[in-house]
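The values are calculated or read from the model by the stated rules, or taken from the named source; none is laboratory data. Values in this document were obtained by computation on a predicted structure and should not be read as measured data. Cβ placement follows ideal geometry from the backbone for every residue including glycine, while neighbour counts extend to all protein chains displayed. The protein model used for the area step is the full one, side chains on, heavy atoms only, and it has no ligands, DNA or RNA in it. Shrake-Rupley method; radii C 1.70, N 1.55, O 1.52, S 1.80 Å.
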Amino acid sequence: MTKIFNNKTKELVKNIDCYIENVSNSGLIFYNGIKAYMNNDIEKFELECQRISILETEADDMRRDIKHKLYRYMLIPDSRGDVLGLLETLDGVVDTAEKILEQLSIETPLIPDFLRENFIELAEFSYKAVDELIMAVKAFFREINSVDEHVNQVLFFEHEADNIEESIKRKIFQTDKIPRFSKKLHTKYFVEKIALVSDVAESVAERLSIYAIKRRI
Amino acid sequence: MIQILFFLSSGLFLGWSLGANDAANIFGTAVGTKMISFKNAAIICSVFLIIGAVISGAGASHTLGKLGAIDTLAGAFIVALAAAITVLWMTKAGLPVSTSQAVVGAIIGWNFFAKTATGYGSLTKIVGTWVFSPIIAAALAFVLFHLVKRFVENSKIHLLRLDSMTRIALLIVGAFGSYSLGANNIGNVMGVFIKSSPFQNIVISDLIHISSIQQLFFLGGIAIAIGVFTYSKKVMMTVGSGIFKLSPIAAFVVVLASSIVLFLFASQGLKHLLTSYGLPSFPLVPVSSSQAVVGSVMGISLAKGGRNMNFRILGRISIGWVATPIASAIISYIALFFMQNVFMQDTFIR
């Protein structure tokens with residue numbers, strides 16, 4: 001019986017670790033994609049778009065598999081709901097990142113040169129928020145006491161991303177370099193979208209801190 | 001044979017109710033939180049309960065025997081019946097009840113009726129143990145909780161691995177708890193029948209000796225096991241999902257601390273070991289597993305900083321210490337009177 005337990009457990013631990021790694025990679029691809037777009041490296045950008053799309057499909061399959069196994073093997077009855085909730089909300093991070101790159105690829109907004117560095121910086125803070133979130137999730141599974149530390153870092157990076165978002169928006173509406181109002185709105189839309197990744201990371205982190213309190217013995 | 005079975009029936013009924021109620025103290029949280037299936041819990045609980053009762057049940061029963069030596073089957077029948085009625089009545093009234101306290105009260109009732117002196121030395125020993133067992137359980141749970149918490153936090157084990165380890169730990173500690181429950185509480189169920197045991201010693205070879213007491217305890221163990229299989233699931237679900245909201249790891253600590261308490265007050269081996277080193281030993285006395293569990297939960301509550309301490313439960317336990325034996329003694333006395341004078345059965349040897 002112990003052996004069966006161990007095999008099932010090992011398999012699921014591996015699945016969950018893979019899933020978390022997948023989310024982590026999506027954050028990095030998102031950042032690299034935005035950077036490539038802002039640097040006019042469209043070939044690399046399209047490559048990142050393809051990569052994140054594949055990752056998103058894989059993540060969905062993995063999540064479904066983990067969900068089925070958790071119920072089929074009757075594991076962690078106490079925190080099963082929380083773990084599934086966590087994995088589902090974590091999926092939102094990958095979805096959001098994928099959608100933004102896809103929309104950039106479809107709509108190809110014209111970003112003025114003086115804002116490009118700001119966009120990269122915004123994407124960097126969104127990515128950092130995701131990266132800290134991944135650390136918090138890993139801690140939730142293995143080192144419950146350090147979850148709060150990482151969650152605080154996520155909140156910090158989200159706040160920084162908010163500040164940059166606001167400053168870019170101000171620049172967009174104060175400048176004469178973007179002549180048409182519709183273009184200003186289009187640019188603002190992408191600022192909000194890129195910042196959205198950090199917002200999603202923040203909402204997952206907030207849920208996670210509650211799950212962590214529940215998990216403490 | 002029919003007469004023997006009839007007279008033993010009250011003890012067997014008491015055993016059934018013990019199995020129905022007290023198995024939940026050992027496996028309640030594990031089954032209620034679906035960490036262990038009821039079937040696995042019931043099998044392990046029954047097997048180890050019977051082993052504990054047959055191998056190690058004599059010690060605590062001996063103390064009950066010293067309190068009052070009931071010497072006829074009819075007397076033993078009434079004493080066990082009075083205890084069973086008290087348990088049933090108090091449970092219906094929603095009061096925390098211990099089989100040990102009901103049996104002690106019923107024995108004292110018999111002592112009064114038979115005009116036999118109550119072994120006050122044994123009585124003080126028993127009552128003292130009732131008070132101390134939840135306190136010891138609380139102290140043990142307090143220490144164990146800190147140790148387990150430190151281990152879990154420092155070992156950085158994955159949640160899923162921790163889950164499977166907890167399941168195995170709950171099974172092991174459940175087996176130990178069942179053994180200790182059988183050893184400690186079989187005296188309550190069958191102790192009063194020892195003096196009037198209808199069984200003969202069985203000697204199969206030089207190695208296998210089955211005493212009449214062990215046969216009696218085996219029968220009692222089976223009654224307890226039937227109680228576990230037929231009725232304990234409902235109680236387990238209530239314990240696991242309602243009264244105490246414990247995490248599986250905290251449940252492990254509660255069961256371990258309570259089981260150690262039951263073991264300390266039942267193990268003749270431990271008593272001999274401690275005595276051989278000139279150390280003070282624990283008296284072998286049937287204690288209440290429910291009260292040990294409540295003590296352990298209090299210990300965990302204290303370890304968590306004393307939040308959510310329910311002092312009303314402590315008050316209710318104290319009421320149980322006084323109310324249960326008195327009610328049981330009165331029922332026993334009245335029932336003995338009827339058995340002796342209406343049904344013309346000797347309830348004691350004159």
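Residue count for the range B:58-82 satisfying the condition of being in a helix (DSSP H, G or I) and either open to solvent by less than 30 Å² (accessible area, probe 1.4 Å) or of a type in the set (A, V, I, L, M) (or both): 17. Across the range B:12-21, not a single residue is classified as over 13 Å from the mean Cα position of the chain (by Cα) and small (Gly, Ala, Ser).
Report whether or not residue B:27 is among the aromatic types (Phe, Trp, Tyr), surrounded by 22 or more Cβ atoms within 10 Å (Cβ to Cβ) and in contact with a helix residue (DSSP H, G or I) (Cβ under 6 Å, 6 or more places away or on another chain). Steps first, answer last, please.
On the way: among the aromatic types (Phe, Trp, Tyr): yes; surrounded by 22 or more Cβ atoms within 10 Å (Cβ to Cβ): yes; in contact with a helix residue (DSSP H, G or I) (Cβ under 6 Å, 6 or more places away or on another chain): yes.
Here the answer is yes, as residue B:27 does meet what is asked.
Of all residues in the range B:318-350, those satisfying the criterion of being touching an Asp or Glu at 6+ places or on another chain (Cβ under 8 Å) and either crowded, with 16+ Cβ neighbours inside 10 Å or outside any loop (DSSP other than H, G, I, E, B) (or both) are B:340, B:348.
Just for the range A:167-179: of the residues that are in contact with a helix residue (DSSP H, G or I) (Cβ under 9 Å, 6 or more places away or on another chain) and surrounded by fewer than 18 Cβ atoms within 10 Å (Cβ to Cβ), which one is farthest from residue A:215 (Cα to Cα)? Result: A:177.
This table checks each residue for (1) within 14 Å of chain B (Cβ to nearest Cβ); (2) surrounded by fewer than 17 Cβ atoms within 10 Å (Cβ to Cβ); (3) within 20 Å of residue A:204 (Cα to Cα).
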{"position": "A:55", "(1), (2), (3)": "no, no, yes"}
{"position": "A:60", "(1), (2), (3)": "no, yes, yes"}
{"position": "A:91", "(1), (2), (3)": "no, no, yes"}
{"position": "A:115", "(1), (2), (3)": "no, no, no"}
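Of the residues examined, residue A:4 is not one that is at pLDDT 90 or above and either surrounded by 16 or more Cβ atoms within 10 Å (Cβ to Cβ) or out of contact with any Gly (no Cβ under 8 Å at 6 or more places or on another chain) (or both). Only one entry in B:4, B:55, B:43 is open to solvent by 10 Å² or more (accessible area, probe 1.4 Å), closer than 18 Å to residue B:171 by Cα and assigned to a helix (DSSP H, G or I), namely B:43. Do we find a residue being of a type in the set (Phe, Trp, Tyr), within 14 Å of another protein chain (Cβ to nearest Cβ) and open to solvent by less than 60 Å² (accessible area, probe 1.4 Å) anywhere in the range B:144-155? Yes, that holds for at least one residue.
Among A:71, A:19, which is open to solvent by 50 Å² or more (accessible area, probe 1.4 Å), part of a helix (DSSP H, G or I) and within 14 Å of chain B (Cβ to nearest Cβ)?
Numbers: A:19 fails: open to solvent by 50 Å² or more (accessible area, probe 1.4 Å).
That would be A:71, the only listed residue that is open to solvent by 50 Å² or more (accessible area, probe 1.4 Å), part of a helix (DSSP H, G or I) and within 14 Å of chain B (Cβ to nearest Cβ).
Here the range A:117-148 is the region considered, the condition is being within 14 Å of chain B (Cβ to nearest Cβ) and open to solvent by 60 Å² or more (accessible area, probe 1.4 Å), and the residue that is nearest to residue B:154 (Cα to Cα) is A:143. Scanning the range A:180-191 for residues that are surrounded by 14 or more Cβ atoms within 10 Å (Cβ to Cβ) and not hydrophobic (A, V, I, L, M, F, W, C) yields a total of 5. If you go through the range B:247-275 and keep only what is more than 13 Å from residue B:174 (Cα to Cα), more than 14 Å from every other protein chain (Cβ to nearest Cβ) and buried (at least 21 other Cβ atoms within 10 Å of the Cβ), you end up with B:261, B:264, B:265, B:266, B:267.
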